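Note sheet for the following structure.
The values are calculated or read from the model by the stated rules, or taken from the named source; none is laboratory data. Source: prediction; values computed, not measured. All Cβ positions, even for glycine, are placed from backbone atoms using ideal geometry, and neighbour counts span all protein chains on display. These accessible areas exclude ligands, DNA and RNA; they are computed on the full protein's heavy atoms, side chains included. Shrake-Rupley method; radii C 1.70, N 1.55, O 1.52, S 1.80 Å.
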Amino acid sequence: MNAVLMNCPNGHGKMEIRNTRKKMTFRDINIIIPSEHYACPVCNLEASTVDQTGAVQRAISDTYRKAVNLLTGKEIIEKRKNLKLTQEALAKKMNVGIASIKRWEGGTIQSKSMDLALRIALEGKSSGDSYTGNRSFSIQRIKLVLTQFEHLLGRRILKKNDKMLFAAKYLWYADMVAHRETGESMTGSTYAALPYGPQLNNYKDLIDDIMKANEMRVEPLSAEEKRIMNRIAMKFPRDRMVYDAAHKETIWKKEARGAIIPYTNSDQLTGI
Ligand SMILES: [Zn+2]
């Protein structure tokens, strides 16, 4: 902690540091966190430095994360350093922006699916291929598949501000059906079961890169992949159709909110 000495604004001279434990409820979880602040021994006025406030925020976040079995900021930093990874290297490994790593280490609470991705990257936990469908993740391939769908459907589906609501459903079907029928996905993407259907994991961090990606600089679509996409486009010519079909899939419905939908369930698809 810093050595700033605070004076009481009421003119009582130097304030003293007090360490207490605060009981509080955070996101419906009861937690107790250590809290350090200044207090005036005369009038009891309390004040905190910026550092003290930050430490309390981090303590709340980490205590909560521990309670709900998410990696804490401290654990993320420790595991990352053990692997001698920079924040940048970890971001690359996970296909997320470096800002996300900084936020999680600094106290922002990661989603369940991002926690799993962190554990895979930091604990060498094998994702099996069930999260990527036996293929390396490729942003260019995502762009390639979406571009092909736009060609087949005769309209734009990749839009910046619609949360990929429909584009992700087409993509999901393409990846899942390809996995079921060829043994590997088309893009290596991981999908999370979100309230509004299967979603490209971490799409918020990926969308800009997808828009900018050069789809010509990647392995072209095979004849088999093109046939699969053709069937999907024929079956679901309208956005609403692919959206409704995805919502009827048991393999999405049975996963907890935010959980990863494994490719190993691709044989249970019913929409196509
Ligand atoms: Zn005072």
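Pick from 20, 49: which is hydroxyl-bearing (Ser, Thr, Tyr) and in contact with a Phe, Trp or Tyr (Cβ under 9 Å, 6 or more places away or on another chain)?
49
Looking at region 140-167 only, could you name the residues that are without any contact (Cβ under 8 Å) to a residue 24 or more places away in the chain and farther than 20 Å from residue 202 by Cα?
150, 151, 154, 155, 156
If you check every pair at least six apart or on different chains, which have Cβ atoms under 7 Å apart with a residue in region 92-115 that is closer than 11 Å to residue 61 by Cα first and a residue that is exposed (fewer than 15 other Cβ atoms within 10 Å of the Cβ) and modelled with pLDDT of 90 or more second?
Here the result reads 107/57, each pair linking region 92-115 to a residue that is exposed (fewer than 15 other Cβ atoms within 10 Å of the Cβ) and modelled with pLDDT of 90 or more.
For region 259-272, enumerate the residues that are open to solvent by 10 Å² or more (accessible area, probe 1.4 Å) and either under 12 Å from residue 191 (Cβ atoms) or in a loop (DSSP other than H, G, I, E, B) (or both).
Step one: list which residues in region 259-272 are open to solvent by 10 Å² or more (accessible area, probe 1.4 Å), which gives 259-260, 262, 264-265, 267-272.
Across region 259-272, the qualifying residues are 259, 260, 262, 265, 269, 270, 271, 272.
Going by the conditions given, is residue 107 within 17 Å of the chain's Cα centre (by Cα) and open to solvent by 10 Å² or more (accessible area, probe 1.4 Å)?
The answer is yes for residue 107.
I need the full set of residues from region 25-52 which are open to solvent by 60 Å² or more (accessible area, probe 1.4 Å) and more than 9 Å from the ligand (Cβ to nearest atom), in order please.
25, 27, 28, 30, 32, 34, 46, 48, 50, 51
Based on this model, can you work out whether residue 192 counts as open to solvent by less than 40 Å² (accessible area, probe 1.4 Å), out of contact with any Cys (no Cβ under 7 Å at 6 or more places or on another chain) and not acidic (Asp, Glu)?
Judged against the criteria, residue 192 is a match.
Could you list all residues from region 16-42 that are touching a strand residue (DSSP E or B) at 6+ places or on another chain (Cβ under 6 Å) and not in a strand (DSSP E or B)?
Of everything in region 16-42, just one residue is touching a strand residue (DSSP E or B) at 6+ places or on another chain (Cβ under 6 Å) and not in a strand (DSSP E or B), namely 41.
Specify the residue that is modelled with the highest pLDDT; the eligible residues are those in region 198-227 that are surrounded by fewer than 22 Cβ atoms within 10 Å (Cβ to Cβ) and under 19 Å from residue 246 (Cα atoms).
203
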